[in-house]
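I have placed the structure first, in the form of C-alpha cells, so that the comments after it can refer back to it.
The numbers here are math on the coordinates, done by the rules we state, and not lab data. All figures in this text were calculated on a predicted structure; none of them were measured in a lab.
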Amino acid sequence: MLLIETLHAGDAPATERLVLDFDARTKSRLRTQLASGEEVGLFLPRGTILRGGDRLEGQDGRIIEVVAAPEAIVEARCASPRELTRAAYHLGNRHVAVEVREDALRIQQDHVLEHMLEGLGARLARLDAPFEPEAGAYAPGHHHAERGATEARIHVMGGHG
C-alpha cells in the first residue's frame with residue numbers, strides 16, 4: 001500500500017489521480033484507492049482539507065493529483081441577489097458547507113435544508129457535480145503550513161443544528 005503523508009508544493013506533474021468526494025477530502029486519515037486501483041493510505045496533518053487540483057506526494061516520490069469526485073448536490077437559485085443572500089445567511093446559520101457560485105448556492109443533498117430553501121423562495125436543481133465549498137472564516141488554528149497561515153479553512157460540523 002502506498003503511503004501519502006505530504007502535500008506536494010513543487011511543479012512536478014502528477015502521474016496518478018486520487019478521486020474523492022468532499023467528505024473523503026476532509027479526512028486526514030483515510031484508506032482508499034488511486035484511480036488506477038492501487039491501494040493508498042492518507043496520513044495528512046490533522047485538519048487538512050483537500051481541494052480538487054491539489055497535489056500529494058507518495059512515500060515513493062510519485063505525485064498524485066486530487067480530483068473532486070462528482071457527488072449528489074443541490075443548486076439553489078433565487079429571483080434576486082437579496083433572496084440569494086438571505087438563503088446563504090440561513091445556510092451559514094446552520095453551519096452548512098456551501099459552495100458559492102456567481103448566481104447560485106450549492107450544498108450536499110439534504111431534504112431538510114432543501115425544504116428550508118424552497119420555503120425561502122429558492123428554485124432547486126439536483127446535480128451530480130464536484131463539490132468545493134467555501135473555506136470557513138472562523139476556523140482559527142486550522143491551516144496548511146505549506147500554503148501559509150492566512151488561508152481560511154472549512155470547519156466541518158456534524159449535523160445541521
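Scaled against the 2.2 N^0.38 Å expected of a compact globular protein of N residues, the Cα radius of gyration of segment 2-68 reads 0.95.
Computed from Cα atoms alone, the Kirkwood hydrodynamic radius reported for segment 38-89 is 14.7 Å.
Here the Karplus relation 6.51 cos²θ - 1.76 cosθ + 1.60, evaluated at θ = phi - 60°, turns the backbone of segment 41-49 into coupling constants of x, 8, 9, 9, x, 3, x, 5, 10 Hz, with x for every Gly and Pro. Once backbone amide H atoms are built at 1.01 Å from N, residue 109 has 73, 74 as its partners under 5 Å, excluding neighbours fewer than 5 places away on the same chain.
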